[in-house]
Amino acid sequence: MIATLLVLAPILIGLLFVSALFSAGETSMTAASRGRMHQLERDGDKAAKRVNRLLTDQEKMIGAILLGNNLINIGASALTTSVLAAMFPGAMGIAISTGVMTVLILVFGEVLPKTLAITKPDDVARGMSRMVLWAVYIFGPVVQAVQWFVRKTLKLFGVNMSMETDVLAAHQEIRGAIEYHHDEGSVEKRDRNMFRGVLDLSELDVSQIMVHRKQIFMIDADLGIERIIDEALKIGHTRIPLYRDNQENIVGVLHARDLFAAITKARGDVLSLDIDAITREPWFIPDTTNLKSQLNAFLKQKQHFALVVDEYGALQGMVTLEDILEEIVGDIEDEHDTAQTGIRKQADGSLIVDGDVPIRDLNRFMDWDLPDDDAVTIAGLVIYEARTIPQPGQTFIFFDRKFQILRRQRNQITALKITPIVIEN
């Protein structure tokens with residue numbers, strides 16, 4: 001009996017060791033940072049290159065590891081059962097074998113290696129990459145057959161999974177990592193907002209960030225040149241739309257640099273200037289253009305200013321390169337800008353908010369998550385949820401917050417008070 005146990009012990013220890021390696025490989029590969037592995041590969045790390053190669057087909061890799069691990073565990077259990085059943089006839093040997101192997105596999109084959117792997121997943125994954133790669137080579141064909149059978153079985157129940165199904169969406173994975181590290185305190189709020197802004201560019205339309213047509217400073221092109229220069233100086237913007245007859249009829253864009261260059265060339269004789277000669281062609285874009293496409297268009301055409309129109313060609317607003325960049329870095333102010341957020345915190349914890357404040361700006365300022373799918377401004381959100389244009393003094397409760405209308409000008413809400421509602425458990 002003792003001799004048998006002495007023979008069984010080293011074999012069992014070896015099988016448990018291999019099982020532990022498989023378990024550590026599974027945990028470390030799934031927990032390893034893809035970003036760090038990618039950077040290490042670019043730096044010439046061969047182990048990181050193997051990890052990235054394995055992660056390109058994660059389903060096949062996990063299948064190979066699980067297959068190898070189960071073979072080892074089942075083999076170890078069968079060997080132990082056969083030996084102990086011979087030593088202890090009847091149900092006693094099977095019961096002892098089951099109890100012993102359950103404890104050994106759980107502690108040394110699963111919990112212990114996985115706990116060690118999760119503490120340093122990147123280093124363990126790099127160390128285990130060669131073994132896991134061999135496991136994929138050996139068990140790969142079997143795993144592919146199992147995958148094919150599983151997919152065909154699921155298809156019978158209406159679940160259609162192609163072989164190219166990507167389990168993780170890259171943007172959502174990055175967004176989740178940013179939020180996690182922000183909650184842990186390793187990513188500051190400002191940096192979190194910048195990362196969010198980059199990811200949101202392809203999901204936002206220019207209509208959601210544009211300056212509304214009511215807020216665009218324009219100049220009548222039929223005014224005298226002296227009046228045009230005077231108005232341009234008062235407005236203070238670099239690019240100013242010019243219109244004729246009505247503000248829907250934009251005929252050009254006056255660039256301050258072109259205007260001053262023309263004045264210099266005329267040696268101060270402003271009356272000799274031809275405004276049409278220094279006016280640039282306006283650039284019209286549809287209001288459904290997403291920010292990522294428009295940013296690329298600005299860079300490609302080397303322009304910073306575009307006018308936004310709807311499907312009927314009616315002017316809706318304007319958007320600039322700075323507007324898009326502000327979605328990433330926050331407000332960009334220079335020495336001529338006036339700091340005005342339109343959001344004023346009160347001593348009681350409430351906020352006085354201008355109606356035209358964008359929901360995204362309020363969310364960033366307060367770290368809230370008010371929805372911005374159906375409205376751009378906070379006034380638009382209240383109107384959308386209330387299904388009416390409220391009167392001053394009316395109060396509504398949406399999204400665990402109380403919205404009180406303070407001022408209204410015609411059909412436009414110009415100011416409201418927002419008070420968070422504290423929900424007690």
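The values are calculated or read from the model by the stated rules, or taken from the named source; none is laboratory data. Fair warning: this is a prediction, and the values are worked out from it, not measured in the lab. Using ideal geometry, Cβ is built from the backbone for each residue, glycine included, and neighbour counts are taken over all protein chains shown. Ligands, DNA and RNA are excluded from the accessible area calculation, which covers all protein heavy atoms including side chains. Shrake-Rupley method; radii C 1.70, N 1.55, O 1.52, S 1.80 Å.
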Once the Cβ-Cβ distance between L199 and Q39 is put in as r, and R0 is 25 Å, what FRET efficiency do you end up with, to the nearest 0.05? 0.80
Choose one answer from V187, V309, V100: the residue with the largest mean-square fluctuation in a GNM of the chain with alpha-carbon springs under 10 Å. V100
How many percent of the accessible area of the chain is carbon or sulfur, using a 1.4 Å probe? 57 percent
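Report the percentage of all Cα-Cα pairs in the stretch 144-302 whose separation exceeds 19 Å, rounded to a whole percent.
The answer is 71 percent, as a whole percent.
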Computed over the Cα atoms of the stretch 80-165, the Rg and Dmax in Å are 19.6, 52
Reachable lysines from K292, criterion Cα separation under 17 angstrom, eight or more residues apart if same chain: K300, K302
Exposure of D369 as accessible area (Å², to 10), given a probe of 1.4 Å and all protein chains: 120 Å²
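Rounded, prolate or oblate: which one fits the stretch 1-93, using the alpha carbon gyration tensor with axes a ≥ b ≥ c (rounded when a/c is under 1.5, else prolate when a/b beats b/c, else oblate)? Before the final figure, lay out the partial values.
Numbers: a/c = 5.08, a/b = 3.01, b/c = 1.69.
It comes out prolate by the Cα gyration axes.
What Kirkwood Rh does the stretch 1-52 have if only Cα atoms enter the pairwise 1/r average? Answer in Å.
Working: mean 1/r = 0.0746 Å⁻¹.
About 13.4 Å for the stretch 1-52.
Going down the list K234/K417; K189/K214; K189/K345; K46/K120, which pairs span over 21 Å between their C-alpha atoms?
Working: K234/K417 33 Å; K189/K214 33 Å; K189/K345 19 Å; K46/K120 18 Å.
In this structure, K234/K417; K189/K214 lie more than 21 Å apart at Cα.
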Work the Kirkwood hydrodynamic radius out for the stretch 254-373: mean of 1/r over every pair of different alpha-carbon atoms, inverted, in Å. 17.8 Å
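Ranked from the most accessible area to the least, with a 1.4 Å probe and all protein chains present, what is the order of Y384, Y243, Y180? List each step's numbers first, then the result.
Numbers: Y384 85, Y243 40, Y180 130 Å².
Solvent-accessible surface, decreasing: Y180, Y384, Y243.
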Quick check on the chain: helices-only [θ] at 222 nm, where DSSP H runs of length 4 and up contribute -39,500 (n - 2.57) each and the sum goes over total residues. Nearest 500, please. -17000 deg cm²/dmol
Could you check the spin-label model distance between Q394 and W368? Points 7 Å from the Cα along Cα→Cβ, value in nm. 1.8 nm
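Mind ranking R36, R130, R192, R50 by accessible surface for me, highest first, 1.4 Å probe? Walk me through the numbers on the way to the answer.
Numbers: R36 105, R130 135, R192 5, R50 50 Å².
Order by accessible area, largest first: R130, R36, R50, R192.
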If you take the alpha carbon radius of gyration of the chain and divide it by 2.2 N^0.38 Å, what ratio comes out, to two decimals? 1.52
